[in-house]
1. Restricting attention to region A:95-112, does a residue exist that is over 14 Å from the mean Cα position of the chain (by Cα), of a type in the set (Ser, Thr, Tyr) and within 16 Å of ligand 2 (Cβ to nearest atom)?
2. Determine which single condition A:Ala188 fails, assuming it passes every other condition in (1) assigned to a helix (DSSP H, G or I); (2) within 12 Å of chain B (Cβ to nearest Cβ); (3) at pLDDT 90 or above.
3. Quick check: is even one residue across region B:137-157 at pLDDT 80 or above, under 26 Å from B:Ala206 (Cα atoms) and over 31 Å from the mean Cα position of the chain (by Cα)?
4. Check off (1) part of a helix (DSSP H, G or I); (2) modelled with pLDDT of 85 or more; (3) more than 30 Å from B:Ile207 (Cβ to Cβ) for B:Ala267 and give me the number that stays unchecked.
5. Just wondering, is there one or more residues in region A:149-157 that are within 13 Å of another protein chain (Cβ to nearest Cβ), assigned to a helix (DSSP H, G or I) and within 16 Å of ligand 1 (Cβ to nearest atom)?
6. Considering only region B:183-230, state which residues are without any contact (Cβ under 8 Å) to a residue 60 or more places away in the chain and aliphatic (A, V, I, L, M).
7. Which numbered condition trips up B:Ser41, out of (1) among the small types (Gly, Ala, Ser); (2) outside any helix (DSSP H, G or I); (3) modelled with pLDDT under 80?
8. For A:Gly41, all conditions in the list (1) more than 22 Å from A:Ser213 (Cα to Cα); (2) surrounded by 21 or more Cβ atoms within 10 Å (Cβ to Cβ) hold save one; what is the number of the exception?
Amino acid sequence: MSAFLEAIGLTRRHRDGDAVQVAVDDVSLAIARGELVALAGPSGSGKSTLLGMLGGILTPSEGDVRIAGESIVAMREHHRTAHRRAHVGIVLQGLALVPAMSVLENVLLPLVPFGGARRDDLERARALLRRLSLHEKERAPARQLSGGERQRAAIARALVTRPSALLLDEPTAHLDAESASVVLDVLAELARDDHAVLVATHDPRILTRPEVSRVLHLERGRLVEP
Amino acid sequence: MRKTLALFEYAIGALARRPGKAVALVAGIALVTGLLASILSLHAALEREAGALADAMPELTVQAMQGGRPATIDAETLEFLAGHPGVRSIRPRVWGYLFVPSLGANLSVFSVAPDAPELAEVATLLEGRAPRSKGEAAVGDTFARSLGLRPGDSIALPTGSKFHLLEITGVFGAEASLQAADVALVTEPDARLLLGYDDGRFTDVAISLASPTEADVVAAQIAEHLPHARVVRRDQIARAYALTLGARAGLVGAMLLPLLGCFLLLAWDRMSGLGEDEKRELGVLTLVGWDLRDVLLAGLFQNGLVALTGAALGLLAAHVYVFGFGAPLLFDALLGWSRLHPTFELAPAWDAGQIVTVVAFVVVPFSLASLAPAFRAADVDVDALLRGGA
Ligand SMILES: Nc1ncnc2c1ncn2[C@@H]1O[C@H](COP(=O)(O)OP(=O)(O)OP(=O)(O)O)[C@@H](O)[C@H]1O
Ligand SMILES: [Mg+2]
């Protein structure tokens, strides 16, 4: 099985005055389609930073990221954006919904660069919201949602463009057992459905799920053996 | 194309989500545009009036000068002018200004010969007839209306310490209403009495030429023979009018400039500055795969819509203000010299140059104002979103 998402010697440093802080340090990994991989590690270990680089929204200080066999680091900005929106869905820790937009509008937002929502896109968006038990809130402005509802709206938005890879940062942080289990079912389903899924988390509910193919451990920016 | 439409739809939605800001910006731009367009179109309309006025002027006007001040013209001069080659006919005129205390304004008094071409060319009798004998007068419609005068009424005009009674025989309007507003036409004897001219002396001489193209040459020849005379060509008068108007429009413009500047700065700031939520929104768009070009185009659409709506409203308002209401206030500022205002039938006209000016100075800069901040913000805020709270 060839890797769909690949990190090669990925490093990101932050300059903090005179000191240089290394958030992610020489990380190499590969995730194939059909895999559900968990990325564990204590707070501040660099999970979000790694995810951001893999998703093409943060530029690495060193190393390379390959998505669907192509190096995105070498690409020009315009190209990289087009490449990542075609292949990767991202759910950030901050979730990043537009508060004044309705749930459905938020979910449809990634479709605009593709030419806006067609009828089947709209159906897919509604189906996703139903699958995530959010369909009753479709018209509600995002600012009215609870933390868990926002989490699920962000997941629906990441999936609306039918990406082959999904990157999620703490997707169950705000969820009760029941909602968390729904989200995990969706992720497992995606993996079965030949998606490459990477979940950054320290939620034991995820780490102990049988569907999780592998757990990677990050500590102070480096991948370590558990 | 589908994508452009989708971006456009997003832009409309984004404006609708911040209606307060959108309305404030549209109103501000409408005001700026409206003021600018009002000045431009009033100025253009006045220039057209002045042009019509100049057209009715004699080809050459000769004034005698004494000590650098206008003096009266004597019979000898008339004889010389009448006999000059290139001159078709001369018309000595008696006219001047008469201060009327009860009006608090100057009345322009013209003697009128029954065949006076000025009257035929520019003035139309609205009521009654032209004065034919001593003691009769025809007055401009603005003047007549301000005193409630009709043909058959009489007015007493001051001559020194006494009053001279005139019967109104007619009221006239004019194409170039600038001219007819505060004018009284009387016969020559009355004009001499009111203005204090002795018999055989005239204010100036209107000359019509055998060939209009010789105006320069004939003017120069006359000036040579009459070194103390002033010879004015028609085109010089037209230019003088245009200059006066231009200077006044410029003055009004200059007075409004700081105001306009403030508005522009304010609106620019509101338009180009981004609130926290807008920055965040740009970050979200980048996150979900919008290209910088998409973000910029959406911003351009938003500001373009605001600027176009504002400018269109402003132009419309200016049109109604100038041509519908006769531009109160601004009119006074541009026509300050004449206390008795002409009845102003400004011919409504859309001026392409004016619209281009407004688009160039208002719409384009405001639309472009979105680009810089969007450019800056689109990249920066993803990093914050990456770790930021919900
Ligand atoms: N823009 C930045 N400037 C400076 N330091 C940064 C920046 N982004 C991340 N860091 C630092 O890099 C380290 C890794 O941060 P990151 O957000 O990736 O951790 P994390 O594993 O996601 O933590 P958590 O579990 O709390 O979300 C932290 O020490 C953080 O302070
Ligand atoms: Mg994190």
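1. Checked region A:95-112: no residue is over 14 Å from the mean Cα position of the chain (by Cα), of a type in the set (Ser, Thr, Tyr) and within 16 Å of ligand 2 (Cβ to nearest atom).
2. It is condition (2) that A:Ala188 fails.
3. Within region B:137-157, none of the residues are at pLDDT 80 or above, under 26 Å from B:Ala206 (Cα atoms) and over 31 Å from the mean Cα position of the chain (by Cα).
4. In the conditions (1) part of a helix (DSSP H, G or I); (2) modelled with pLDDT of 85 or more; (3) more than 30 Å from B:Ile207 (Cβ to Cβ), B:Ala267 misses (2) alone.
5. Yes: region A:149-157 contains one or more residues that are within 13 Å of another protein chain (Cβ to nearest Cβ), assigned to a helix (DSSP H, G or I) and within 16 Å of ligand 1 (Cβ to nearest atom).
6. If the condition is that a residue be without any contact (Cβ under 8 Å) to a residue 60 or more places away in the chain and aliphatic (A, V, I, L, M), then B:Leu193, B:Ala220, B:Ala223 are the ones that fit.
7. Result: B:Ser41 fails condition (2) only.
8. It is condition (1) that A:Gly41 fails.
The values are calculated or read from the model by the stated rules, or taken from the named source; none is laboratory data. Predicted model, so just to flag it, every value in this text is computed and none were measured. Methodologically, a virtual Cβ is constructed for each residue, glycine included, from the backbone with ideal geometry; neighbour enumeration extends over all protein chains shown. Only protein heavy atoms, including side chains, enter the accessible area calculation; ligands, DNA and RNA are left aside. Shrake-Rupley method; radii C 1.70, N 1.55, O 1.52, S 1.80 Å.
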